[in-house]
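Below: one structure, written as structure tokens.
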2 protein chains.
Amino acid sequence: MTDQNKSTDLDVFFHSRSVAVFGASTNPNKSGYKLVQNLIDHNYKGKIYPINPKGGEILGRKLYTSLTEVEGSVELAILYIPSSKAIQVLKDCIQKGVKGAIIEAAGFGEVGEEGKKLKEQIIALTENFTKIRVLGPNCTGITFVEKDGEGFFSSFIPMGKTKAGSLAIVSQSGFINGAYYPDFTSRNPNLGVRYVITIGNKMDLDENDILEYLIHDKDLSTIGMYIESFRDVRRFIKLCNEAYKNYGKRIVLLRSGLSSIGSNATTSHTGALAEKSELIKAVIAQSHCIQADDFWDLFNITRTLSFMKDTNIKPIYDASACVVTISGAAGAIMADWSEKYGVKIPLLDDETYSNLAKLYPPWMAPNKYALIDYWPAVENAKGDYQRILLDCIDIGLSSPRINAAFVAAYHNATAWKVDWNLLKEIMARHQKPIFIWLFGEYHELIEAEKIFQEIKIPIYHSEREIVQTFKKIVQLK
Amino acid sequence: MTDQNKSTDLDVFFHSRSVAVFGASTNPNKSGYKLVQNLIDHNYKGKIYPINPKGGEILGRKLYTSLTEVEGSVELAILYIPSSKAIQVLKDCIQKGVKGAIIEAAGFGEVGEEGKKLKEQIIALTENFTKIRVLGPNCTGITFVEKDGEGFFSSFIPMGKTKAGSLAIVSQSGFINGAYYPDFTSRNPNLGVRYVITIGNKMDLDENDILEYLIHDKDLSTIGMYIESFRDVRRFIKLCNEAYKNYGKRIVLLRSGLSSIGSNATTSHTGALAEKSELIKAVIAQSHCIQADDFWDLFNITRTLSFMKDTNIKPIYDASACVVTISGAAGAIMADWSEKYGVKIPLLDDETYSNLAKLYPPWMAPNKYALIDYWPAVENAKGDYQRILLDCIDIGLSSPRINAAFVAAYHNATAWKVDWNLLKEIMARHQKPIFIWLFGEYHELIEAEKIFQEIKIPIYHSEREIVQTFKKIVQLK
């Protein structure tokens with residue numbers, strides 16, 4: 001069986017027509033109950049067979065005592081059971097012709113001798129996973145969002161009403177569900193997600209198998225990955241290149257375990273070997289991946305790319321930007337970081353300069369570089385802050401030398417009111433991204449952020465973060 | 001006149017007994033009105049003499065038509081007038097025996113030949129500022145907070161009800177008032193500030209004069225500075241060293257104009273020369289300053305230091321910390337950054353390890369390093385998340401090898417409720433800081449942040465930011 005064939009096998013993990021849930025519980029406080037509830041609440045279209053030797057009823061459905069009791073065919077199994085019972089259940093699954101199993105439990109090789117022995121038994125039983133493919137163990141399931149709030153939600157952790165979109169998250173940490181993911185989506189309520197896939201200890205399926213599957217999904221634009229170890233780094237690089245060059249997909253990678261203690265931590269965490277920081281640098285350089293600094297950055301970059309896709313921003317191959325700032329100081333800081341990160345703040349072309357100059361007072365001409373300090377223009381326009389701010393962004397983005405706007409803007413809900421919705425049309429017209437750092441009264445900023453979410457322009461924490469994020473998303477030719 | 005004598009001259013800028021406001025306006029929408037209002041609203045204790053050739057009344061007070069009309073003595077003058085009128089006003093001030101002038105206006109040398117000429121005239125008139133000391137021009141005044149909401153508030157931009165504390169902000173950008181400062185203080189409502197000083201174009205008084213004055217203030221702990229150029233870099237280094245070694249004060253420096261375009265920007269902005277990035281590195285290395293990345297970082301570090309002072313945290317000379325995390329992944333990321341930034345995550349001493357081990361289940365012992373993944377302990381405690389989280393921080397901080405706790409915690413207002421107020425007692429007992437990254441539903445995090453503000457533990461944006469901020473605040477011996 002070639003890798004290619006293996007990859008198409010994975011359909012069953014996302015588009016099954018029937019699923020057996022081992023370890024389904026009748027107790028609404030237990031995870032085995034919530035797993036079934038997740039499937040039902042998100043309108044899973046296939047048949048659900050909850051299984052528990054005790055029998056009974058769950059959410060108005062029959063609890064089967066074993067798989068043999070199920071009459072219809074079963075394509076996928078979810079195991080939320082102690083590891084000691086896994087062998088028997090997997091035997092039953094193979095006999096029944098189940099094609100895939102998601103093992104949402106720990107104790108399979110990440111700790112101790114017993115775990116290792118169990119893993120060897122499973123490998124023998126499944127004939128090296130040719131009889132059945134396995135995701136996990138030590139994972140928190142798969143989410144496939146078919147349409148807003150609906151699809152295949154198979155975690156034992158209750159999942160919210162995810163919007164459908166073009167983003168995939170692949171994580172070796174099960175903590176993504178129930179913790180990082182709610183944080184990410186509640187900060188970005190208008191962000192659409194297509195997959196959340198936890199790969200856990202990668203007994204069979206690993207990041208490469210998942211990646212190979214995902215790159216063929218036409219509706220997917222961006223893949224954010226948290227990985228603690230690479231199973232096969234050459235294949236990873238090959239797949240990332242393919243994803244990027246043949247399928248136009250962006251991959252953002254957060255790789256932990258680079259330090260001696262960090263790698264020690266992930267080793268105890270998921271039983272994987274750790275490679276070193278130098279390797280990661282080489283991987284990033286060769287794979288067209290974007291390296292994230294931490295979980296915040298992983299989500300920050302993926303939301304940036306995803307919103308850019310959603311708002312039809314053109315691909316950017318040239319790291320050039322204009323700075324549009326109400327504060328000369330913030331502008332200077334952004335220019336400093338631009339030079340440090342290799343982002344050009346170009347000389348203005350004649351047309352752009354002359355359009356800008358029309359807004360400025362005679363006593364203060366605009367800068368000859370694309371460092372647009374719009375304060376004098378606001379004074380010149382008798383305080384029409386909104387018009388000048390929008391015009392400066394518009395004029396900056398009009399220049400063929402400029403591929404993005406870095407904006408440092410003061411927000412005041414009363415005195416200097418700006419209808420931020422107006423940025424949407426400007427961005428759409430130029431198909432170039434706007435990176436904004438907003439400062440003002442904190443509670444007013446939180447309110448303003450809601451508007452930015454609606455128009456899918458992320459707000460950044462700082463001047464440095466803007467320049468760094470932009471530099472990271474610029475594409476190699 | 002020695003520098004030392006000059007420095008004591010500055011008292012008049014903060015503790016004057018009488019102030020003349022040139023350019024006071026009867027129109028409540030004008031800045032010349034707001035300047036007087038700021039003084040009155042914040043209960044300035046001295047006499048206020050609003051001056052405008054038109055005469056009239058402002059806020060129930062007489063508007064003097066000129067300084068000569070004022071009978072009492074005047075110690076300080078604030079000039080909110082066109083630059084063309086500055087010479088006459090300064091002449092009047094010198095004649096009257098006014099000791100200091102704050103020039104809150106532009107057009108004095110930052111642009112064009114006329115400005116330069118004016119500057120030369122002022123130097124001649126003031127006999128190189130021996131007749132009168134000048135702050136500005138192109139600044140937005142001085143704030144000295146005597147007690148909560150009261151003191152000397154001399155900006156033409158309306159200022160809020162600042163809490164009194166041990167922090168000074170010195171800024172070459174006037175934007176600090178009305179924009180950055182409200183952002184900073186509304187994010188940190190429990191932060192106390194003592195000075196906000198805008199130095200503008202530094203015609204006379206520069207960052208060094210201000211610094212020399214501030215370091216003698218016993219009630220001051222932390223100084224945050226935004227500087228676009230150094231007037232005298234050797235004196236700056238000398239003063240910073242003195243501030244640090246003799247007076248125990250911490251200085252955080254944000255220096256812009258490091259890049260060619262950035263320096264170009266600040267040149268046009270305030271008429272100062274720009275030095276290069278290499279110089280800054282040397283300055284930081286020699287001065288015991290902490291370098292900030294941008295405005296966010298400037299405020300982030302100053303609030304961290306200020307809160308540490310307020311909560312009696314001991315000085316930290318050894319960059320060692322424990323990581324306390326609910327997510328193995330977040331822990332690994334923080335360990336990676338710790339290694340990169342040179343922060344030790346030490347091996348646990350026997351006592352600490354054995355105290356931790358009591359919390360863990362038999363199937364999952366704690367890490368031998370100070371990388372405390374507390375999830376297994378929560379399971380072992382049947383889900384008593386709050387107790388385990390607090391105990392792990394407490395045990396970690398008990399170790400003599402550990403000087404801080406880096407915490408990655410999940411926040412859920414209902415399911416995993418933690419009374420974060422309880423951190424206060426733990427921190428107070430150990431006198432070691434807690435750096436926390438909180439994730440969960442965004443609106444719940446915003447609510448939780450209010451509690452952290454009350455107990456003066458800042459919340460950080462990301463894992464990387466925690467490690468970087470801690471590393472920056474560690475002191476050289």
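The values are calculated or read from the model by the stated rules, or taken from the named source; none is laboratory data. Please read all numbers here as calculations on a predicted model, not as lab measurements. All Cβ positions, glycine included, derive from the backbone under ideal geometry; neighbour counts span all protein chains shown. Remember, those area values only see protein heavy atoms, side chains included, never the ligands or the DNA or RNA. Shrake-Rupley method; radii C 1.70, N 1.55, O 1.52, S 1.80 Å.
For region A:392-477, calculate the relative contact order in percent as a whole number, restricting contacts to Cα pairs under 8 Å that are 6 or more residues apart.
With pairs under 8 Å counted, the relative contact order is 30 percent.
Only Cα pairs under 8 Å and 6+ residues apart enter the sum, and on that basis the relative contact order of chain B stands at 10 percent. Axis angle, to the nearest 10 degrees, between helix B:260-270 and the longest C-alpha principal axis of chain B: 40 degrees. Computed from the C-beta positions of A:D349 and B:L279, the FRET efficiency with R₀ = 45 Å rounds to 0.85.
Protein heavy-atom accessible surface, 1.4 Å probe, per residue over region B:3-309: 37 Å².
When the C-alpha to C-alpha distance is required to be over 30 Å, the pairs from A:K117/A:K245; B:K91/B:K202; B:K47/B:K218; B:K119/B:K309; B:K382/B:K424 that qualify are A:K117/A:K245; B:K119/B:K309. Which residues does a label at B:S186 reach in region A:412-455, if reach means a backbone N under 14 Å from a point 7 Å past the Cα toward the Cβ? In region A:412-455, the label zone of B:S186 (backbone N under 14 Å from the point 7 Å along Cα→Cβ) covers A:412-418, A:438-450. Could you tell me which of rounded, prolate or oblate describes chain B, using a ≥ b ≥ c as the square roots of the eigenvalues of the alpha-carbon gyration tensor, with rounded for a/c under 1.5 and, failing that, prolate when a/b is larger than b/c and oblate otherwise? It is prolate, given that a/c is not under 1.5 and a/b is the larger ratio.
In this rough spin-label picture, where each label sits 7 Å from Cα along the Cβ direction, the A:A124-B:D318 distance is 5.1 nm.
Mind giving me the FRET efficiency for A:A357 and B:N421? R0 is 60 Å, r the Cβ-Cβ distance, nearest 0.05 is fine.
So, using R0 = 60 Å, E works out to roughly 0.60.
In chain B, the longest principal axis of the Cα atoms and the axis of helix B:86-96 are about 80 degrees apart.
Mind grabbing the interface size between A and B? I mean buried accessible area, both sides, 1.4 Å probe, in Å² to the nearest hundred.
What A and B bury together is about 5000 Å².
For region B:312-473, the alpha carbon convex hull comes to 101 Å³ per residue, rounded to a whole number. Taking the 1.4 Å solvent-accessible surface of the protein assembly as shown as the whole, the part contributed by carbon and sulfur is 50%. Fully extending the segment from B:I40 to B:I451 would add 144.7 nm, taking 0.36 nm per residue of separation and subtracting the current Cα-Cα distance.
Counted residue by residue at 0.36 nm each, then reduced by the alpha carbon distance between them, the extension gain from B:I94 to B:A428 reaches 115.0 nm.
Relative contact order, whole percent, for region A:312-473 stands at 28, derived from Cα pairs under 8 Å and 6 or more residues apart. Please name the residues of region B:452-469 whose accessible area, counted over protein heavy atoms with a 1.4 angstrom probe, falls by no less than 50 Å² between the chain alone and the full protein assembly. Hits at the 50 Å² cut-off: B:H461, B:R464. If R0 is 51 Å, the Cβ-Cβ spacing of B:K131 and B:Q475 corresponds to a FRET efficiency of close to 0.75. Going from the chain on its own to the full set of protein chains, region A:316-340 has these residues losing 40 Å² or more of accessible surface (heavy atoms, 1.4 Å probe, no ligands, DNA or RNA): A:A329, A:A332, A:I333, A:D336, A:E339. Here's the picture: charge each Lys and Arg Cβ at +1 and each Asp and Glu Cβ at -1 in region B:3-309, and of B:T140, B:T130, B:N246 the one pushed furthest to the positive end of that dipole is B:N246.
Full extension of the segment from A:E146 to A:T414, taken as 0.36 nm per residue of separation minus the current Cα-Cα distance, would add 92.3 nm. Just the accessible area per residue of region A:376-477, please: how many Å² with a 1.4 Å probe? Here the per-residue accessible area is 38 Å².
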